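K.L.:
Got a structure here, written out as structure tokens. Questions coming.
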Amino acid sequence: MNCSSVVLIQNTYTNSYGQTGISTGSGFIISEDGYVVTNHHVIEGNGKLVVVGNNGSGFSATLVGSDSANDVALLKMEGSGFPAVKLGDSDKLIVGDQVAAIGNPLGELTSTL
């Protein structure tokens, strides 16, 4: 797995009381042209979205779509040449296969497994 494909998502939003808040969470780059998968609860409020790589570089992102029921969201960064993860085929998994959860919980534990 390419650890540079695991990113931090920062969402700076304004709530209904006019207060500014920041939510953070994990994401991973799924295509070299800048598509990123994260959780819906991270982007809820749809504020200013920034994708931060493990080298500290930040890229503005736009929300392509999300599904609150499945807690998934798709973002798009401008640019190309991003380090995309290689996704497997879950239909080929069998009981006993090893799987891993990748992430960047709380924006503090970068590239954890």
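K.L.:
Here are labelled values, (1) 49, 31, 25; (2) 49, 43, 22; (3) 35, 32, 26, and one is the computed Cα extents along the principal axes in Å for what I pasted. Which one?
P.N.:
This structure yields the entry labelled (1).
K.L.:
Okay, next question. At 7 Å along the Cα-to-beta-carbon direction for both S57 and C3, put a label point, then send me their distance in nm to one decimal.
P.N.:
1.7 nm
K.L.:
Right, here's the next one. How many angstrom lie between the Cα centre of the stretch 76-90 and the Cα centre of the stretch 5-20?
P.N.:
22 Å
Coordinate-derived values only; no laboratory data. Note that the structure is a prediction, hence the values are computed from the model and not measured. No Cβ is skipped: glycine too gets one built from the backbone with ideal geometry, and neighbour counts run over all protein chains shown.
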